[in-house]
Amino acid sequence: MRPKALDELFAAVCFFTRIPLYKFIPNIHPDSYRNVVAYWSIVGILTGGSMALGMYLGGILLGAVGGALMAVLFRLLLTGALHEDGWADCCDAFGGSCSREKALAIMKDSHIGTYGVLGLIVHFSLLSLMLVLLQIYASGWALCLLIIWLDVSSKALVSLLHNFLPYAREEQEAKVGFSFKSLSIRGICYEFTPALLLLIGLLLLKPSLWWALLGALGIGGITFFAALRYLKHRIGGYTGDCYGGIFLLVELISYLSLIALLPHTL
């Protein structure tokens with residue numbers, strides 16, 4: 001009998017990535033999937049690590065631009081564009097609707113609209129540009145840790161979403177058939193420990209990054225709480241798509257903030 005926490009971690013890897021753990025680790029309890037958000041930032045080490053690996057290999061083979069594109073591609077392949085799907089649905093819902101009911105209906109629709117396409121183009125363009133610019137200020141282990149930390153810290157922040165807002169639909173109407181559990185104190189510790197350890201590692205490796213990292217984290221936090229307020233106003237809660245959409249928004253704003261602050265701290 002596996003410990004419950006381990007079962008939930010396996011469920012999180014299966015839910016947030018395309019890694020088929022269920023083929024090698026059978027009998028993951030269905031209820032474990034309700035608490036996968038508590039392990040989202042731990043999975044972020046894998047997804048952020050895939051970006052760092054893509055950046056390293058692409059940088060060797062194709063230069064700075066190739067490294068940035070490979071970083072984006074590697075994470076897309078690992079996650080199956082799970083978060084990008086949520087981002088596109090949020091762009092369609094909030095860009096193409098005025099009412100709560102229509103926004104929720106658009107998010108549940110599997111088709112992508114004009115706002116979703118434009119949102120993905122803008123997101124991938126800006127993220128790729130930020131990854132190219134980041135290579136001006138960091139390289140080697142520092143660059144890899146920065147990429148992983150931005151992924152992990154953004155997921156840690158957004159994992160608190162359902163602690164602040166209720167689910168916007170009836171639970172049985174969810175795309176995956178359930179809503180996530182609110183994070184307990186243990187879950188919050190699980191979420192923020194990887195981000196804290198990576199932050200300490202970055203500061204030990206390059207102390208000059210301190211103010212830039214602190215600024216990026218602070219602006220990412222402001223972005224998250226602004227998104228919370230917007231969701232409460234527009235749909236009175238959250239949906240599963242909101243996790244992916246807000247994660248990509250917070251991560252992108254954190255990248256933009258970091259790039260803006262780095263020239264003033266190094």
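FYI, it's all coordinate maths here, none of it is from the lab. Every value quoted in this text rests on a predicted model; they were computed, and no experiment measured them. Glycine gets a Cβ as well: all are built from the backbone with ideal geometry, and neighbour counts include every protein chain shown.
Points to keep in mind about this one:
- Percent of Cα pairs in region 175-229 per distance bin of 10 Å, from zero to the largest separation: 19, 34, 33, 11, 2.
- Part-to-part distance (alpha-carbon centres) for region 1-45 and region 104-152, which is given in Å: 24 Å
- Average Cα contact separation per residue, the chain, under 8 Å, 6 or more apart, as relative contact order %: 25 percent
- Packing around the peptides 10-16, 182-188, taken as the average count of other Cβ atoms within 10 Å per residue, puts them in this order, highest first: 10-16, 182-188.
- With contacts taken as Cα pairs under 8 Å and at least 6 residues apart, region 1-97 reaches a relative contact order of 24 percent.
- Most tightly packed first, judged by the mean number of other beta-carbon atoms within 10 Å of their residues, the peptides 143-152, 60-69 read 143-152, 60-69.
- In the calculated pair-distance distribution of region 215-266, the portion above 17 angstrom amounts to 39 percent of the Cα-Cα pairs.
- Listed peptides 45-51, 128-134 appear in the order 45-51, 128-134 once ranked by packing, highest mean of other Cβ atoms within 10 Å at the front.
- Region 11-71: trypsin sites (Lys or Arg not before Pro) in DSSP coil with no more than 14 other Cβ atoms inside 10 Å: R18
- Dipole of the chain, positive direction: furthest Cα of A71, A93, T47, with charges on the beta-carbon: T47
- Rounded, prolate or oblate (a/c below 1.5 giving rounded, otherwise prolate when a/b exceeds b/c) for region 9-138 by Cα gyration tensor: oblate
- Within the chain: Cβ-based charge dipole about Cα centre, in debye rounded to nearest 20 (Lys, Arg +1; Asp, Glu -1): 320 debye
- Here K181 is the anchor, and the lysines within straight C-alpha reach of less than 30 Å, apart from those fewer than 8 places off in the same chain, are K4, K23, K102, K108, K155, K232.
- Gaussian network model of the chain, springs between alpha carbon atoms under 10 Å - residue of V72, V158, V43 with greatest fluctuation: V72
- Candidate membrane-span-like segments in the chain, meaning DSSP H helices with Cα atoms spread over at least 27 Å of their own axis and a Kyte-Doolittle mean of 1.0 or above, are 40-79, 114-137, 140-158, 185-205, 240-265, with no membrane implied.
- Estimated vicinal HN-Hα couplings, Hz - region 29-36 in sequence order (Karplus 6.51, -1.76, 1.60; Gly, Pro = x): 5, x, 5, 5, 5, 6, 10, 5
- The chain - convex hull of the alpha-carbon atoms, volume per residue in Å³: 127 Å³
- Label sites at S208 and I188, each approximated as a point 7 angstrom past Cα along Cα to Cβ, lie 3.6 nm apart.
- Helical runs assigned H by DSSP (4 residues or longer) give the chain a calculated mean residue ellipticity at 222 nm of -25500 deg cm²/dmol, each run adding -39500 (n - 2.57) before division by the residue total.
- Size estimate for region 1-75 follows the Kirkwood approach: the inverse of mean 1/r over distinct Cα pairs works out to 13.4 Å.
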